[in-house]
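Just so you know, all these numbers are worked out from the coordinates, no wet-lab data involved. Not measured: the values here are computed from a predicted model. So basically every Cβ, Gly included, is an ideal-geometry build from the backbone, and we count neighbours across all protein chains shown.
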C-alpha cells in the first residue's frame, strides 16, 4: 500500500511557511497552536503527530510527540489530544519553538493510522516511528517559522 500526502493540516494561528506567533513559543505562553486536519481516510483509527525542528544546531530537535489522537476532531489550542512522548527538552507534551539563533523551520507532521498504538506514554520519536511502520494510511505536514525577538544590549 502506498502512502500519499493526502492529509491537509491548517492552523488559525499561522499559514503554511508562515510566522508562528510568539504566544506559541518559549517567549510567549508556550502553548500548542490549534490544528485542523482534513482529508482523513475513512479507515483511520487514530492520528499521530510529530513536531520537529530540522534546523537545530545538533540535528533534528523534537518539540511535540503525540499519538492515539481521535481522528474526528481538530486539535484545540493548549491541549494534549492523545498520549505524549518525550521530546528533546526531556519532557512530555508540547515544547514551543525556542531557536538559539536565526530563523528555524518547525514541521507539524501528522500521520493517519489504521490502528491504536500500544506504546507507553513517554516513549521517544524513534519508538513512535517504529510502532507506526505498516500502519500509515496518509500523511501531511504544516510548516511554520520562528526567530526569537532581538534582545537589546545595554
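Among the DSSP beta bridges whose two residues both lie in the chain, what percent are antiparallel, rounded to the nearest 5?
90 percent
For Cα pairs less than 8 Å apart in space and 6+ apart in sequence, what is the mean separation divided by the residue count of region 8-139, i.e. the relative contact order in percent?
Over region 8-139, the number comes to 26 percent.
Can you sort 150, 91 so the residue with the fewest Cβ neighbours within 10 Å comes first?
150, 91
Counting other beta carbons within 10 Å of each residue's own, what order do 46, 38 fall into, fewest first?
In increasing order of surrounding Cβ atoms, one gets 38, 46.
Averaging the inverse of every distinct alpha carbon separation and then flipping it gives the Kirkwood radius. What is it for the chain, in angstrom units?
Here the Kirkwood hydrodynamic radius works out to 15.7 Å.
Based on the Cβ-Cβ distance of residue 56 and residue 29, what FRET efficiency does E = 1/(1 + (r/R0)^6) give at R0 = 22 Å, to the nearest 0.05?
With a Förster radius of 22 Å, E is 0.50.
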